[in-house]
1. Scan segment 44-68 and report the pairs whose first residue is free of Cβ contacts under 8 Å to residues at least 40 places away in the same chain and among the charged types (D, E, K, R) and whose second residue is surrounded by 13 or more Cβ atoms within 10 Å (Cβ to Cβ) and assigned to a helix (DSSP H, G or I), with Cβ atoms within less than 6 Å and a gap of 6+ or a chain change.
2. Please go through segment 62-103 and give me each residue that is surrounded by fewer than 13 Cβ atoms within 10 Å (Cβ to Cβ) and modelled with pLDDT of 85 or more, ordered by number.
3. Kindly establish whether residue 148 is modelled with pLDDT of 85 or more, not in a helix (DSSP H, G or I) and not hydroxyl-bearing (Ser, Thr, Tyr).
Amino acid sequence: SRSLRALSSSVPNRIGLSGTPLVNGLQDVLSIGAFLAPGEWSPRATKKSLEDRYPGDPVEAVSEHLHSMMVRLRMDQVGKPIASRVDRRVYVNLTVEQQKAITTLEEEIKRAKQDGEFDGSSAKFNALVKLGTLRKIVSAPRSAGVPGPNPKLAAGMRLVQHYLDEGRAGVVFCADRT
């Protein structure tokens, strides 16, 4: 959302599209509004913070304000129910390098436990640091110093290719910047 808002400030003409109708909650309207009219209001504004600017029902007023900038449907304007969400779970095997890194981390954790790093006031912090390292090894190996390909990224690309082969279109977001 932040990246999209940053991009919107450099683009003179913006169009808001959504694959599903808006339920017309304040956050639905404001996040789209922050893209369409950057600087107009905070995307995390509250109903209370908008009441001074928009007397009456601020959600309806913001919706009306955005109406001139976008075409949208509300749930009550949709002719048929939206199809239920379809999730596809993909299981990925770790690489040999990732398995070695996890084994090394487990040994570090055993030593740290013997040294008392998980006792006292800093115990939770030390445990979170180790969990963070584990997460990096599994999710973004390069960020943890683990060489080799990222199997999750490769599996994601295979899934994208599968969808393309089926003639589907869409947008893919990936947090792995390696």
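1. Correct list of pairs: 47/26; 47/58; 51/58.
2. 93, 96, 103
3. yes
The values are calculated or read from the model by the stated rules, or taken from the named source; none is laboratory data. Just so we're clear, the structure is a prediction, and the values are computed from it rather than from any experiment. Please note: Cβ atoms are built from the backbone with ideal geometry, for glycine as well, and neighbour counts cover all protein chains shown.
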